[in-house]
Amino acid sequence: MSDPGPYEAAYAHPDGDATAARLAQTARRYGYDGLVIRTREADFDPDALRERYDVDVVPAVEVVADEPSSASGAVGNFRPDFPLVLVRGGTDALNRFAVEQDRVDVLAAPLSGEGSFNHVLAKAAATHGTRVEFDLGPALRESGGTRVRGLKGLRKLREIVDHYDAPYVVSARPTSHLELRSPRELVAVGSELGFDESWLRSGLAEWGRLAARNRERLSAEFISPGVRVDRCEEADR
């Protein structure tokens, strides 16, 4: 399979202000290969949207919890049914929980609250394969001191993630089709922050790579990495 192009991860109704169809249509027009839909209310048909708009639509759930114990139960409930499971961070406890779980694909918005991200968490993310989300939203939608703090946090996060070779994804976390920006725009914004274009594009494509891996694992043929059911062999029995 060829390497995927850029993906964005957006919030669809009821967690966002636009339908999954409207988001998929806009994503295709902006040049995305895929769109991750962050909503536990899967009231859309990803296959139908993929067929209609020629864009890969990936159902995902973003677990929002007050504490790790609540997040753990939600992750366990949603993991069998969604190709992508994210945990929204923002506190030290939730950030740490997410990066220490093999069941969690992405630590979303780690800098959204009072939490921090340090070398211990970066090492854990690298060990468990939890992607760390770089949210470019503050650069696009915030102003003043909030924007300055957000950009400073992103630069520091990049230093830590790169130093420990932790996996990552890039997103603007749009909540409607009006907040979607093209890959070229996101790369331009990230470049102004000092991020390399290739680094940014890799982070946008990582959503697609992760989704492809997890879809294979959710398939009936998958047993473990490198081990699959041979349907031809079963038919001969």
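Descriptive notes on the structure:
- Taking amide H positions as modeled 1.01 Å from N, with prolines and chain starts lacking one, the residues under 5 Å from Arg131 and 5 or more places away or on another chain are Val106, Leu107.
- Percent accessible area from carbon and sulfur atoms, the chain, protein chains only, probe 1.4 Å: 46
- Amide H contacts under 5 Å for Asp56, placed H, 5+ residues apart: Gly34, Leu35
- Accessible area per residue, Å², the chain with all protein chains present, probe 1.4 Å: 49
- Largest first, the residues Glu206, Glu159 sort by 1.4 Å accessible area into Glu159, Glu206.
- Rg and Dmax of segment 59-193, both derived from C-alpha coordinates alone, stand at 14.5, 42 Å.
- Counting only heavy atoms of the protein chains and using a 1.4 Å probe, Leu86 has close to 0 Å² of accessible surface.
- Simple point charges give the picture: +1 on the Cβ of Lys and Arg, -1 on the Cβ of Asp and Glu, and for the chain a dipole about the Cα centre of about 540 debye.
- Against the criterion of solvent-accessible heavy-atom surface with a 1.4 angstrom probe, Ser202, Ser69 sort, most first, into Ser69, Ser202.
- For segment 1-121, taking Cα atoms only, Rg and Dmax work out to 15.2, 44 Å respectively.
- Taking the convex hull of the alpha carbon positions in segment 172-212 and averaging its projected area over all directions gives 3.2 nm².
- Of the residues Glu216, Glu192, the one with the largest accessible area comes first in the ranking Glu192, Glu216, computed with a 1.4 Å probe on protein heavy atoms.
The values are calculated or read from the model by the stated rules, or taken from the named source; none is laboratory data. In this text the structure is predicted, and so the values were computed from the model without any measurement. Positions of Cβ are generated from backbone atoms using ideal geometry, with glycine treated the same way; all protein chains shown enter the neighbour counts. For accessibility, only protein heavy atoms count, side chains too; no ligands or nucleic acids. Shrake-Rupley method; radii C 1.70, N 1.55, O 1.52, S 1.80 Å.
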